[in-house]
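In what follows, a structure is listed as structure tokens, so that the remarks can point back to it.
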Amino acid sequence: MLIQQLIEKLEQKVQQLYQIHSTQLEEKIFTKFDRTLFSENGQTLSFYFAEINQTLIRMKSLDSNDVNHYNFIAEHLFKQCNALSETLNRKNMTFTQQKRQQNPTIKKTQHSIHKLPPRERLEKYYEALEQLNNLYQQHRDFALTQNDPIEKKRMAELANSYKHRRRKCQEAIDLLEEYLTFKEEQKSSNTTDK
């Protein structure tokens with residue numbers, strides 16, 4: 001029974017890792033892994049998940065009364081998941097840093113948004129709000145499903161930052177809508193005065 005519980009827990013871990021990175025399955029991973037963990041380097045994420053699943057299947061089909069056999073495969077599976085997770089986290093952090101370095105172009109875009117007429121600007125704000133809602137929801141869900149406390153904390157912090165940005169965006173929308181309403185009322189009162 002203990003072995004069955006171990007297998008189920010490992011299956012859940014693999015599934016969580018898969019869900020978190022399911023949008024990156026076709027991305028190539030250029031990290032050089034230990035040859036004992038994965039058969040090849042420079043493959044797509046789906047390739048590495050397939051190898052992790054093979055390890056899981058090998059463990060499920062193991063017909064042994066020796067707990068050490070299960071421990072050995074479980075440890076191997078854990079090392080595979082850990083190596084892949086660390087690589088993906090590093091890759092995602094590098095991607096975030098690159099985005100920050102490209103910030104001047106983002107700032108130019110933001111400034112160009114502020115130069116747009118109010119109605120068009122409002123549309124852009126609504127698009128941004130929708131994106132922030134989605135990002136907040138995703139990271140909040142990831143934080144809730146995480147068992148690793150470090151990853152859980154990181155996802156919760158990201159979710160909070162998106163929540164804060166979402167609130168700021170909503171404030172900008174409210175302000176702009178008030179301004180447009182004021183302009184409309186001003187325009188209608190000017191036409192009735194004439």
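The values are calculated or read from the model by the stated rules, or taken from the named source; none is laboratory data. Please read all numbers here as calculations on a predicted model, not as lab measurements. When the accessible area is computed, the model is the full protein with side chains, heavy atoms only, and any ligands, DNA or RNA have been set aside. Shrake-Rupley method; radii C 1.70, N 1.55, O 1.52, S 1.80 Å.
Worth pointing out:
- The relative contact order of the chain, computed from alpha carbon pairs under 8 Å that lie at least 6 residues apart in sequence, is 16 percent.
- Extension gain (nm, one decimal) between residue 171 and residue 191, 0.36 nm per residue minus Cα-Cα: 4.2 nm
- Solvent exposure ordering (accessible area, 1.4 Å, most first) of 36, 181: 36, 181
- Annotation: extensible slack from residue 75 through residue 160 equals 27.2 nm (criterion: 0.36 nm per residue apart, minus Cα-Cα distance).
- Considering only alpha-carbon pairs that sit under 8 angstrom and 6 or more positions apart, the relative contact order computed for the stretch 114-183 is 40 percent.
- Applied to the stretch 147-164, the Karplus parametrisation 6.51 cos²θ - 1.76 cosθ + 1.60 on θ = phi - 60° returns per-residue 3J(HN,Hα) values of 9, 6, x, 5, 5, 4, 5, 4, 5, 5, 5, 4, 4, 5, 5, 5, 5, 5 Hz, with x for Gly and Pro.
- Over the chain, DSSP H runs of length four or greater, each weighted -39,500 (n - 2.57), average out per residue to a 222 nm ellipticity of -28500 deg cm²/dmol.
- Karplus 3J(HN,Hα) series, Hz, for the stretch 60-70 with 6.51 cos²θ - 1.76 cosθ + 1.60 (x for Gly, Pro): 5, 8, 5, 10, 9, 9, 8, 4, 4, 4, 5
- Three-way shape label, the stretch 1-88, alpha-carbon gyration tensor, a/c 1.5: prolate
- Per residue solvent-accessible surface (Å²) - the chain, probe of 1.4 Å: 72 Å²
- The phi torsions of the stretch 2-17, fed into the Karplus equation with coefficients 6.51, -1.76 and 1.60 and a -60° offset, translate into couplings of 4, 5, 4, 5, 4, 4, 4, 5, 5, 4, 4, 4, 4, 4, 5, 4 Hz, rounded to whole numbers, with Gly and Pro shown as x.
- Amide H contacts of residue 44: 29, each under 5 Å away and 5 or more positions distant or on a separate chain (H built 1.01 Å from N in the peptide plane; Pro and chain starts excluded).
- Surface accessible to a 1.4 Å probe, residue 188 within the full protein complex, Å²: 60 Å²
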